[in-house]
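Taking it in order: structure first as structure tokens, then the write-up.
Derivation of every value follows stated rules applied to the coordinates shown; laboratory data play no part. On a predicted model such as this, the values are computed, not experimentally measured, just so you know. Reconstructed Cβ throughout: ideal geometry from the backbone, glycine too, with neighbour counts over all protein chains shown.
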Amino acid sequence: MTEQHTPTPDGLVIVDKPSGFTSHDVVAKMRGIARTRRVGHAGTLDPMATGVLVLGVQRATKLLGHLALTEKEYLGTIRLGQSTVTDDAEGDITASADASGVTRQAVDEGIAALSGDIMQVPSKVSAVKIDGKRSYQRAREGEEFEIPARPVTVSSFTVYDVREAAAEDGTPVFDLVVSVVCSSGTYIRALARDLGASLGVGGHLTALRRTRVGPYKLDSARTLDQLQQELSVLPLAEAAAAAFPRWDVDGRRAKLLTNGVRLEMPEEYAGSGPVAVFGPEGAFLALVEEQKGRAKSLTVFAG
């Protein structure tokens, strides 16, 4: 007799990613755990980094592109006094400098200059595409190229601890334990690189843990081992209600909207980005966006 598997529900899985795994590795592992090919992620995490990685399972994969644009929060360690080829601890050291003369005031001024709306050049070994080709592929092949700076927002950049240390070659260095809240597309290792450069001693990221993606925090994340034991899926409706403004409509409007009619939207949703539409009895119907006062469907989940 063939063993029957309960179908995996639509929803999000909040993973506490282990170090050494790529985001694709985690997706591949989740496909096995959830017994479905329909798994994707909302924004990558570097292999060295740990923490919150949001995965979508089944129909929830249609939410991911919109979730990838949300604010993120990190806890990391920046080493001042050493630069690396990758701007993090994964790469070879390219330069060392005595950081013992760096003052706390200089650090605070450097951090202030990297806060708010800034222009940032991503690391050369990042996944940014340059003329259709990943930057890290160009770097591996020894190409000489430049990545254009792009706007990002660093809402908060706070130093929690400053630790004196010595590099393997004996060079005095500083380790800064920092918290960063930032927009999607911000590279924390680029912040480490740029802070070190502004202080004249170089810098790189030695540890990184993502503690939040939008409304999804570390306390709701599960390790791959825990998920292997018990698959915890945040239902689609709950996931949407947590991440987007909510618009409740009656049965008539629900039917019109899911049939492609562009309904008039209340003014409160103007310019708010994606809005989650719920029908009678709390059914999640669609993600829409206000356009000229009317609801433009981004993706429909009803039916």
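Expressed as a fraction of 2.2 N^0.38 Å, the C-alpha radius of gyration for region 1-101 is 1.45. Shown in residue order for region 28-34 are the 3J(HN,Hα) couplings computed by the Karplus curve 6.51 cos²θ - 1.76 cosθ + 1.60 at θ = phi - 60°: 4, 5, 5, 4, x, 5, 8 Hz (x for Gly and Pro). Build a GNM of the chain with springs between Cα atoms under 10 Å: which of Gln228, Gln291, Gln105 gets the top mean-square fluctuation? Largest GNM mean-square fluctuation: Gln105. For region 244-300, a Kirkwood radius taken over Cα pairs fed into Stokes-Einstein (25 °C, viscosity 0.890 mPa s) yields D = 226 µm²/s. Within the listed set His66, His204, His41, the Gaussian network model of the chain (springs between alpha-carbon atoms below 10 Å) gives the highest mean-square fluctuation for His66.
Of the residues Leu80, Gly32, Leu114, the one whose Cα sits farthest towards the positive end of the charge dipole of the chain is Gly32 (charges of +1 on Lys and Arg Cβ, -1 on Asp and Glu Cβ, taken about the Cα centre). Past the 23 Å Cα-Cα mark, which pairs from Lys29/Lys217; Lys217/Lys292; Lys72/Lys296; Lys17/Lys62? Going by Cα-Cα distance, Lys217/Lys292; Lys72/Lys296 fall outside the 23 Å limit.
Can you compute the charge dipole magnitude of the chain about its Cα centre, using +1 on each Lys and Arg Cβ and -1 on each Asp and Glu Cβ, nothing else charged? Give it in debye, rounded to the nearest 20.
On the way: 34 positive and 38 negative charges, 282 e Å.
Charge dipole, the chain, about its Cα centre: 1360 debye, nearest 20.
Among Asp250, Asp108, Asp117, determine the one that fluctuates most according to a GNM of the chain built with springs between C-alpha atoms less than 10 Å apart. Looking only at Asp250, Asp108, Asp117, the biggest GNM fluctuation is shown by Asp250.
Overall, region 244-300 carries a charge dipole of about 260 debye about its Cα centre when +1 sits on the Cβ of Lys and Arg and -1 on the Cβ of Asp and Glu, all other atoms neutral.
Per-residue 3J(HN,Hα) values for region 55-68, derived from phi via the Karplus relation 6.51 cos²θ - 1.76 cosθ + 1.60 with θ = phi - 60°, read 10, x, 10, 6, 5, 5, 4, 6, 7, 4, x, 7, 5, 4 Hz in sequence order (x marks Gly and Pro). Taken about its Cα centre, region 162-222 carries a charge dipole of about 480 debye when Lys and Arg each add +1 at the Cβ and Asp and Glu each add -1 at the Cβ.
Return the tail of the calculated pair distribution for the chain, meaning the percent of Cα-Cα pairs more than 23 Å apart. The share of Cα pairs beyond 23 Å in the chain comes to 62 percent.
Normalised by 2.2 N^0.38 Å, with N the number of residues, the alpha-carbon radius of gyration of region 185-244 equals 1.66. Dividing the summed -39500 (n - 2.57) terms of all DSSP H runs of n ≥ 4 by the residue count of the chain sets its mean residue ellipticity at 222 nm at -6000 deg cm²/dmol. Which residues in region 254-272 place their backbone N less than 17 Å from a point set 7 Å from the Cα of Ala302 along the Cα-to-Cβ direction? 254-266, by backbone N distance to the label point. Each DSSP beta bridge with both residues in the chain is either parallel or antiparallel, and the antiparallel ones are about 90%.
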